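Here is the structure we will look at.
Read the figures in this text as sums done on the coordinates, not as results from a lab. Owing to the predicted nature of the structure, the values given are computational and were not obtained by experimental measurement. Please note: Cβ atoms are built from the backbone with ideal geometry, for glycine as well, and neighbour counts cover all protein chains shown.
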Amino acid sequence: MSGISRVLVANRGEIAVRILRACFDEGVETVLVVSDADRGSLAAQLADRVVCIGPPSASESYLDIGRVIAAAHGTGCDALHPGYGFLSERPELSEACVESGITFVGPGPEAMRGSGDKAEARSLARSLGIAVGHGSDVVASEADVEAAAEKIGLPLLLKAAGGGGGRGMRRVERPEDLRGAWAAASAEAEQAFGDGRLFVERFVRRARHVEVQILADRAGTVIHLGHRDCTLQRRYQKLIEEAPAPDLPGAVEKEILDAAVRLIGALGYEGAATCEFLVDEERGDYGFLEINARLQVEHPVSELVTGIDIVREQLRIAGGSPLSVRPEEVKMRGHAIEVRVNAESPERDFLPTPGRIETWAAPIGTDVRVDTACFPGWTITPFYDSLLAKIITRGADRESAIATARDALRRLRVEGVETTARFSLDVLGHPDVAAGRTHTRWIEDEFLPSWNGAGG
Amino acid sequence: MTPPLGTPAELDQPLVHALLAAFDRSDWLEMTVTIGNDRLHVSRRGLREVDEEPEAESAAPEAVHTEPTHATPVPLTGMVVESPSVGLFWRSPSPGAPPFVEPGAHVSADDTLAIVEVMKLMNHLVAPAAGTVRAILAENGARVEYGQPLIAIDPDG
């Protein structure tokens, strides 16, 4: 029984479809906002109502808080789900919802500020005795960044305090590059997030990206749904994710799960959250990176191994209901893999390839889930991201989950746009992946240089 | 009652009347308006057709002749100013003030015609060219969507 009755879905693409599905399962009505480019989208066909809020440009549609709130008002919605990306981590949207009497499906503005600001989240982690990657607090000047580099040592990473996605990020190998990199990264962060503050962290050569999925309800119950491994990335964009993270040292596994629950608990947080950690393969230790105060693209792998529907839990939590499971009832079973299929050309440095999808046929089965908004005849426009589908498979163990993912990728039929499916098929077939011998730059540094895209 | 925002736009009675009134005052020979699944076609050549579901008959004032539905629609001559955003449609600068324009008024390019309000942000709709206002296509205070036709103007010359 949900405390909300009509949800405004403030997103597009596969995640809009995913949220509509959870609303259907919870018996909640849906209103979808679309830009002029998305009037014919799959989500628009599935929603109970559709409101066109602006032109294709995201800044005048999906990124415009005023228009999204106006649409929610005009259609009598009592809740708003922001999905991921777009406005999902903007405290201003959470705040505007509070002011408008609309339930935001996610944390309140204060908890979002506390978790979304990386520097603040790190201070909190440090105060809770949680290991934080060797790094600095916010650096505000060239002198500060040089002092931080002195302490941390090179190579290091400059990262934006106000956001992620690789923007405002620079790797510095040589002392003479430090000042130039600081200026460039700060300007980029200012432009992308309206916040030019940076911090510095040690650059780990063989790093794994491991994250913990958390759910927290209004009564203060905080549970984790285990961990995920998102090590297979290219330029900080995740490509393949899995749950659980394989072969974590026992101490590291227990500590990060515990750290994530304590962090979210300390924030007075409500909803779904992810705590990201960097695991240093060479040193055998880990450090807290950041909190993502929203649903994540890769949430389905946790759903497949726990059997818990994270989006439905989000709706329940927002409606004031307690979590549907108690901590001791969460059980992990088997292994799950998610492959992001993007409309990009791996042969041309992953250039986005917008176009009309002439053929779309994706295999779906008991162990294969496909989250997508594609259908034959739908056009991938150049206005938004290039994600076509997430192919998620499960198996009794990692090996069988990977084998099923490869089978599914071989059977995916797409015509009209180039995709990354063949590339991912080859990544998953590589012996290093089977053996778990990868790190966050493995795709760029080791796989791609020897990859023959033609498959010959 | 204000039509709920988000339902497919349709040719309802007030809109049909507004369009017919605009046509009456115009010097156009024919007019075809298509909104969603509804199509209104009006002609001065003794042909009149209102193709509206489900009340096609009652809405047609004088259905003398029915054209085949595959007839090529005659484009609406003149200009239609569309809503720049989702929001509320206001015909006056403030409540109680006289409307910016009435049908029949002559306007210059860039004259304000109406306002679409998005969360207290006032978007001014301006005339794209000098001309005569033929019709106001939404009620004052109506909830409108992006791209919705709001004001029809017959340009000078």
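Suppose R0 equals 41 Å; then what is the FRET efficiency for A:Ala435 and A:Thr379 from their Cβ-Cβ distance, rounded to the nearest 0.05? Calculated value: 0.50. Look at the Cα gyration tensor of segment A:182-278: its axes a ≥ b ≥ c give a/c of at least 1.5 with a/b at or below b/c, and that counts as oblate.
Projecting each Cα onto the charge dipole of the protein assembly as shown (Lys/Arg +1, Asp/Glu -1 at the beta carbon, about the Cα centre), which of A:Thr366, A:Ala125, A:Ala58 comes out farthest on the positive side? Farthest along the dipole direction, towards plus: A:Ala125.
Put one equal scatterer on each alpha carbon of segment A:152-232, apply the Debye formula with no solvent term, and list log10 I(q)/I(0) at q = 0.12 1/Å to two decimals. Treating every Cα as an identical point scatterer, log10 I(q)/I(0) equals -0.49.
Distance between the pseudo-spin-label points of B:His17 and A:Arg413 (7 Å out from Cα toward the beta carbon): 5.5 nm. Segment A:377-453 and segment A:11-43 have Cα centres lying 26 Å from one another. Peptide A:63-73 shows a mean partner chain C-beta count of 5 within 10 Å per residue C-beta.
Length gained on full extension, A:Arg171 to A:Val98: 22.3 nm, using 0.36 nm per residue less the C-alpha separation.
Which values of log₁₀ I(q)/I(0), to two decimal places, follow from the Debye formula for segment A:307-365 at q = 0.18, 0.24, 0.27 Å⁻¹ with a uniform point scatterer at every Cα? Here log10 of I(q) over I(0) equals -0.85, -1.06, -1.20. Available extension along the chain between A:Leu448 and A:Ser57 is 137.5 nm, counting 0.36 nm per residue and deducting the alpha carbon span.
Compared with the direct C-alpha span, the chain from B:Ser92 to B:Glu30 gains 19.2 nm at full extension, assuming 0.36 nm per residue.
Counting only the backbone N, which residues of segment A:410-454 are under 11 Å from the spot 7 Å out from the Cα of A:Arg206 toward its beta-carbon? Counting backbone N atoms under 11 Å from the label point, the list is A:437-439. Dipole of segment A:1-149 computed with +1 at Lys/Arg Cβ and -1 at Asp/Glu Cβ about the Cα centre; of A:Leu42, A:Ser141, A:Leu8, farthest Cα towards the positive end is A:Leu42. The simple spin-label model puts a point 7 Å past each Cα toward its Cβ; for B:Asn123 and A:Glu110 those points are separated by 3.5 nm. Other protein chain C-beta atoms within 10 Å of residue C-beta, averaged over B:119-131: 1.
In the protein assembly as shown, taking the dipole from charged Cβ atoms about the Cα centre, the farthest positive-side position among A:Gly416, A:Pro352, A:Pro175 is held by A:Pro175. For the protein assembly as shown, a crude dipole built from +1 on the beta carbon of Lys and Arg and -1 on the beta carbon of Asp and Glu, taken about the Cα centre, is about 1260 debye to the nearest 20.
Place a label point 7 angstrom from the Cα of A:Asp397 along the Cα-to-Cβ direction, then list the residues of segment A:231-254 whose backbone nitrogen is under 19 Å away. The answer is A:242-250, whose backbone nitrogens lie closer than 19 Å to the label point. Past 22 Å, Cα to Cα: identify those pairs from A:Lys159/A:Lys254; A:Lys238/A:Lys390; A:Lys331/A:Lys390, in the order given. From the list (A:Lys159/A:Lys254; A:Lys238/A:Lys390; A:Lys331/A:Lys390), the Cα-Cα distance tops 22 Å for A:Lys159/A:Lys254; A:Lys331/A:Lys390. Taking the Cα centre of segment A:1-104 as reference, the dipole from Cβ charges on Lys and Arg (+1) and Asp and Glu (-1) amounts to some 220 debye.
A simple packing score, the average count of other Cβ atoms within 10 Å per residue, orders the peptides A:364-376, A:305-317 as A:305-317, A:364-376, with the highest score first. Helical content alone sets the calculated 222 nm signal of the protein assembly as shown at -8000 deg cm²/dmol, taking -39,500 (n - 2.57) per DSSP H segment of four or more residues and averaging over every residue. For the listed peptides A:181-193, A:32-44, a ranking on the average number of other beta carbons within 10 Å per residue, highest first, reads A:32-44, A:181-193. Residue exposure proxy: A:Glu110, A:Glu270, A:Glu176, ordered by other Cβ atoms within 10 angstrom of their Cβ from fewest to most, comes out as A:Glu176, A:Glu110, A:Glu270. Once you order the gyration tensor axes a ≥ b ≥ c over the Cα atoms, which shape class does the protein assembly as shown get: rounded for a/c under 1.5, otherwise prolate or oblate by comparing a/b with b/c? In terms of gyration-tensor shape, prolate. Dipole check for segment A:217-331: with +1 at the C-beta of Lys and Arg, -1 at the C-beta of Asp and Glu, and the Cα centre as origin, the magnitude is about 460 Debye. Rounded if a/c is under 1.5, else prolate if a/b beats b/c, else oblate: with a ≥ b ≥ c from the C-alpha gyration tensor eigenvalues square-rooted, which is segment A:332-456? Verdict is oblate for segment A:332-456. Counts of other chain beta carbons within 10 angstrom of each beta carbon in peptide B:144-151 average 4.
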